[in-house]
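Visitor: Take a look at the following structure, please.
The values are calculated or read from the model by the stated rules, or taken from the named source; none is laboratory data. Only a predicted model underlies this, so the values are computations on that prediction, with no experimental measurement involved. Positions of Cβ are backbone-derived with ideal geometry, glycine not excepted, and every protein chain shown enters the neighbour counts. Each accessible area value is taken on the protein alone, full model and side chains, heavy atoms only, with ligands, DNA and RNA left out. Shrake-Rupley method; radii C 1.70, N 1.55, O 1.52, S 1.80 Å.
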Amino acid sequence: MKILMVTSEALPYAKTGGLADMVSSLSIALAKLGHDVRIVIPRYYPIDKTSLTPLPGALGVPMGGIEEWSAVYEERLPGSTAKKPVQVYFIDHEIYFGRDGIYGIPSQPDFIDNPRRFSFFCKAAFQLCRKIEWYPDVVHAHDWPAAMATVYQKFAERAPVAGGQIPGGFERAVSILTIHNLGYQGVYSKANFDYTGLGWDVYFRANFDDWDMMNFLKAGIFNADKLNTVSPNYAEETKTQAQGFRLDGDLRQRSKDYLGILNGIDTSIWNPAKDKYLGEKFSVENMAGKAKAKAALQKYFGLEVNPKVPVIGMITRLAGQKGVGELFGPNYGSAFSFCRDFALQFVLLGSGESWCEKEVAGLSARLTNFRAQIGYSEELSHLIEAGSDFFLMPSRYEPCGLNQMYSLAYGTLPIVRRTGGLVDTVENYDEKTGSGTGFMFDILDPSSIYNTIGWAMHAWYNLPEHIAEMRIRAMKQDFSWEKSAKKYVEMYQSAISALPAAGA
């Protein structure tokens, strides 16, 4: 099949979360299965166009009575091969994308023209295909910034235009929408709709309306041929009022076309036997390198280098979704209590809400066994995954989660809340049998976090044979993309087979 990924993020070009990892890794996995996969993404200001190859001529994109013009660049996705390439196309529109930030900047977290930026981008994806004379079987849109592609496909590219003619090229293509995080929907004033170039009848037929506002993700949910999210358990959670962010009814309505496919991880990067950031590699057969990574991690953060003291690692956005209020809140956070009461070390890498960054800095100054680094470092994140004994994820909700899978691959046992993809990837510890791969709790509050960490510490100090067995069990699991990519292929084929016969 010919598959076009329409996305606002992709590694290594633009990333705010797991969306970027997923798009690039899935694309490479699909290419390895023999499919022709291409990615289209905006050329944001930080993406150096001098390292890219320009396509000849400009790209004309008709938008709401005007025509926008942009340049297009391309290159092969790093990690894909010349034999099985994934080509990446960059839409270069200086006014819309020649700025810092993907969706916003600190002083303006949500750019006021985002509805126009991403409507233009989605329309440009179809124009790009015409320019390069390559027409996909599958238009795969990711999250709300790309959801408009499903609407254009249904109401502009597949449907007849004036005179009864179909525009051509896309009439047999299907659209897929992957929801990476239902909490972000792209809700804006409907005054932006004229710019899409679609009639106002489409506004209501496509179900954009959301309390007199324009909801991009809602429209995508109603108009994609098939939709999915990034873990089976999150798919079920999003159909409930508690986790549905007001779209649970819409998702229930589309239940037969909605499924959860667990994200994989890139095992060429996140693999302790191959990790370029580790001084000494390790595996199930030889775990010596993990002990050395732990010593290096303790030394890096200025902690006592002691193999007997368990290290809890955490790499996160310091945001409410990640449970940081319950963990670091100044009046009731659990981190101070468990660092004070238990013989452990706790290291953190992350950034986010300013109050939390300040609180974390304060805890680092007050506690001798807690250290934090604000920001992000790829090298340090690998060291934390490899050198920690436990990995903490007290998420309020977690569509899939990648860090718990990285942790399992490195023999680092997750301590997680029972939600979303964490349920699909972590098996709760049973101290009677020693089974399991991590420690889980249900209620997100400081006492639950404290008690679950206490439970893990009890196992560490009193049942070390269980810890060793759990590590081996965790490292033997397969979270590679191959299995998930095959499930995406099945979804694509199901959508194609559901199309009416040509001419029907």
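Visitor: Is there a pair in Lys15/Lys294; Lys290/Lys322; Lys131/Lys256; Lys276/Lys483; Lys131/Lys483; Lys274/Lys483 whose C-alpha atoms are over 30 Å apart, and which pairs would that be?
Guide: Lys131/Lys256; Lys131/Lys483
Visitor: Please compute the net charge surrounding Asp389, taking Lys and Arg as +1 and Asp and Glu as -1 over other residues with Cβ under 12 Å from its Cβ.
Guide: Neighbourhood net charge equals +3.
Visitor: Further question: Determine the gain in length on full extension of the stretch Asp212-Ser354; use 0.36 nm per residue of separation and subtract their C-alpha separation, reporting nm with one decimal.
Guide: 47.8 nm
Visitor: Suppose accessible area is computed on protein heavy atoms with a 1.4 Å probe; arrange Ser119, Ser351 from highest to lowest. Walk me through the intermediate numbers first.
Guide: Numbers: Ser119 0, Ser351 50 Å².
Putting Ser119, Ser351 in descending order of accessible area: Ser351, Ser119.
Visitor: For a quick check: with amide H placed at 1.01 Å from N, whose amide H comes under 5 Å from Ser231's, ignoring anything fewer than 5 positions away on the same chain?
Guide: HN-HN under 5 Å from Ser231: Ile261.
Visitor: Quote the charge dipole size of the chain about the Cα centre in Debye, to the nearest 20; the model charges only the Cβ of Lys and Arg (+1) and of Asp and Glu (-1).
Guide: My answer is approximately 680 debye.
Visitor: Let me ask something additional. Over the chain, what portion of Cα pair distances is larger than 30 Å, expressed as a whole percent?
Guide: Working: 62543 of 126756 pairs.
Result: 49 percent of Cα pairs exceed 30 Å.
Visitor: Would you mind pulling out the separation of the Cα centroids of segment 105-177 and segment 293-348, in Å?
Guide: Measuring centre to centre over Cα atoms gives 44 Å.
Visitor: In percent, what relative contact order does segment 107-195 have, based on Cα pairs under 8 Å that are 6 or more apart in sequence?
Guide: Numbers: 93 pairs, mean separation 29.3, N = 89.
Dividing the mean separation by the residue count of segment 107-195 yields 33 percent.
Visitor: With a point put 7 Å past each Cα toward its Cβ, work out how far Lys483 is from Ala361 in nm, to one decimal.
Guide: Once both label points are built, they end up 4.4 nm from each other.
Visitor: Per the 1.4 Å probe, what fraction of the accessible area of the chain, in percent, lies on carbon and sulfur atoms?
Guide: 53
Visitor: Then there's this: Suppose R0 equals 25 Å; then what is the FRET efficiency for Thr53 and Leu33 from their Cβ-Cβ distance, rounded to the nearest 0.05?
Guide: On the way: r = 26 Å, r/R0 = 1.04.
Plugging the Cβ-Cβ distance into 1/(1 + (r/R0)^6) gives 0.45.
Visitor: As an exercise, find the ratio Rg/Rh for segment 103-183 from alpha-carbon atoms, using the Kirkwood inverse-distance average for Rh.
Guide: 1.04
Visitor: What do you reckon, how do Arg317, Arg205 stack up by accessible area (1.4 Å probe), largest on top?
Guide: Largest accessible area first, the residues go Arg205, Arg317.
Visitor: Still on this structure, I have one more. How many angstrom separate the Cα center of segment 39-103 from the Cα center of segment 467-486?
Guide: Cα centroid of segment 39-103 versus Cα centroid of segment 467-486: 36 Å apart.
Visitor: Largest first, how would Trp455, Trp69, Trp355 line up by accessible area (1.4 Å probe)? Numbers along the way, then the final one.
Guide: Working: Trp455 60, Trp69 145, Trp355 95 Å².
Reading off the accessible areas and sorting them downward yields Trp69, Trp355, Trp455.
Visitor: Going highest first, how would you order 357-365, 484-492 by mean Cβ packing within 10 Å?
Guide: By packing density, highest mean first, the sequence is 484-492, 357-365.
Visitor: Can you tally the net charge around Ile269? Count Lys and Arg as +1, Asp and Glu as -1, for every other residue whose Cβ sits under 14 Å from the Cβ of Ile269.
Guide: Local charge sum for Ile269: -2.
Visitor: Relative contact order of the chain, please, whole-number percent, based on alpha carbon pairs below 8 angstrom and at least 6 residues apart. Present the calculation step by step, with values, prior to reporting the outcome.
Guide: Working: 988 pairs, mean separation 59.5, N = 504.
Relative CO of the chain lands at 12 percent.
Visitor: Sticking with this structure for a sec: For Lys190, what charge total do you get from the other residues with a beta carbon under 11 Å from its beta carbon, if Lys and Arg give +1 and Asp and Glu give -1? Kindly include the intermediate steps, with their values, before the conclusion.
Guide: On the way: positive: none; negative: Asp194, Asp209, Asp210, Asp212.
Residues close to Lys190 contribute a combined charge of -4.
Visitor: Charges on Cβ only, +1 for Lys and Arg, -1 for Asp and Glu, centred on the Cα centroid of the chain; of Ile261, Pro394, Gln477, which one is farthest towards the dipole's positive end?
Guide: Farthest towards the positive end: Gln477.
Visitor: Charges at C-beta only: +1 for Lys and Arg, -1 for Asp and Glu. How large is the resulting dipole of segment 403-469 about its Cα centre, in Debye rounded to 20?
Guide: In total the dipole reaches around 140 debye.
Visitor: Using only the alpha-carbon atoms of segment 304-440 as identical scatterers, what base-10 log of I(q)/I(0) does the Debye formula give at q = 0.11, 0.12, 0.14 Å⁻¹?
Guide: -0.37, -0.44, -0.61
Visitor: Quick one: accessible area per residue over segment 291-366, 1.4 Å probe, rounded to a whole number of Å²?
Guide: Accessible area per residue: 43 Å².
Visitor: Enumerate the aspartates and glutamates that Lys239 could reach by cross-link, defined here as Cα to Cα under 14 Å, with residues fewer than 8 away along the same chain left out.
Guide: Hits, sequence-local ones excluded: Asp248, Asp250, Asp257.
Visitor: Indicate the gyration tensor shape class of segment 53-126 (rounded, prolate or oblate), computed on the Cα atoms with a ≥ b ≥ c the square roots of the eigenvalues: a/c under 1.5 is rounded; otherwise a/b larger than b/c is prolate and the rest oblate.
Guide: oblate
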